[in-house]
Amino acid sequence: MNAIFKKELKSYFYSPIAYVLIGLFLLVGSILFFVFNLASAYADTRWIFMNGIFILVLMIFSSVLTMRILAEDRKNGSEVLLLTSPVNIVSIVVGKYLAALVVFLIMTAITFVYPLITFAFDAQFTAEIIGGYIGFILLGASFLSVGVFASSLTENQVVAVITSFVMLLIMWIISGVSGYLGGTLAKVLNWISLLSRYDDFNRGILNFGSIVYYLSFIFVMLFLTVRVIEKRRWSQG
């Protein structure tokens, strides 16, 4: 797994994709930071985690970051070599996922400069910022697991991006729709929604149940990814 992880991580930085995504991510973040904080002299940077635009950007970037992670191997035929190597499928999937996660963590770590700037003027939201970053990382990690799963379904990277984004968009819509419904259906939709558990973190509340939910969601998506690849391997003999 370590070899797969290193190889995949290097491939991100040997190509423009990591630099372009990190640059665009920071560009969007800096524009929002200027509008919400610098221009209005407002010290609360919790918009990083609560702003719908930033969440949408995270969904898009997660889909793009993972689009080639398995689809490219299938297209160029290297998937066969991986599947016949001594490394098991779980190690391949987890290694590739962790490489994408590291790129995302680098992107997220750089945004910490925003609250550091505002802390020089007002440090009232320390707990909320820390909780927000933990929630943002868990949410992004969950988005990436969806992207990895989508990438395992096709050899076309464009299709992988679209599939991943549509899946994430549906999960986002579920969170909004549940608020207009009542009864058992609303509770079910609210329970399965990734974003419904996200608000507590932005209030500085580290809900253990929510942390377990996100980690379980990631596990399930990676497990499904492994099953898809295993099914394809056995169907091809």
For the stretch 39-53, does any single residue satisfy the condition of being at pLDDT 80 or above and of a type outside the set (Asp, Glu)? no
Could you tell me whether the stretch 156-169 includes any residue that is surrounded by fewer than 20 Cβ atoms within 10 Å (Cβ to Cβ), more than 20 Å from residue 70 (Cβ to Cβ) and not aromatic (Phe, Trp, Tyr)? yes
Find all pairs meeting these conditions: Cβ atoms under 8 angstrom apart; at least six residues apart or on different chains; first residue within the stretch 123-140 and more than 16 Å from residue 107 (Cα to Cα); second residue modelled with pLDDT under 90 and among the hydrophobic types (A, V, I, L, M, F, W, C). 124/43; 125/43; 126/119; 131/201; 131/205; 131/206
Check the stretch 115-138 and report whether any residue there is closer than 17 Å to residue 228 by Cα and in a helix (DSSP H, G or I). no
If you go through the stretch 96-121, how many residues are among the polar types (S, T, N, Q) and modelled with pLDDT of 85 or more? 2
Residue 155 being acidic (Asp, Glu) and either in contact with a Phe, Trp or Tyr (Cβ under 9 Å, 6 or more places away or on another chain) or under 20 Å from residue 29 (Cα atoms) (or both): no
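Can you find even one residue in the stretch 73-92 that is in a helix (DSSP H, G or I), modelled with pLDDT of 85 or more and not β-branched (Val, Ile, Thr)?
Looking through the stretch 73-92, at least one residue is in a helix (DSSP H, G or I), modelled with pLDDT of 85 or more and not β-branched (Val, Ile, Thr).
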Which residues, taken from the stretch 47-64, are of a type in the set (Phe, Trp, Tyr) and buried (at least 22 other Cβ atoms within 10 Å of the Cβ)? 49, 61
Which condition breaks for residue 212 when tested against (1) out of contact with any helix residue (DSSP H, G or I) (no Cβ under 9 Å at 6 or more places or on another chain); (2) at pLDDT 80 or above; (3) farther than 23 Å from residue 90 by Cβ? (3)
So, residue 222, is that one closer than 20 Å to residue 51 by Cβ, modelled with pLDDT of 75 or more and either buried (at least 19 other Cβ atoms within 10 Å of the Cβ) or of a type in the set (D, E, K, R) (or both) or not? no
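The values are calculated or read from the model by the stated rules, or taken from the named source; none is laboratory data. Worth saying up front: this structure is predicted, and the values here are computed from it rather than measured. Neighbour counts run over all protein chains shown; Cβ positions are idealised from the backbone, glycine included.
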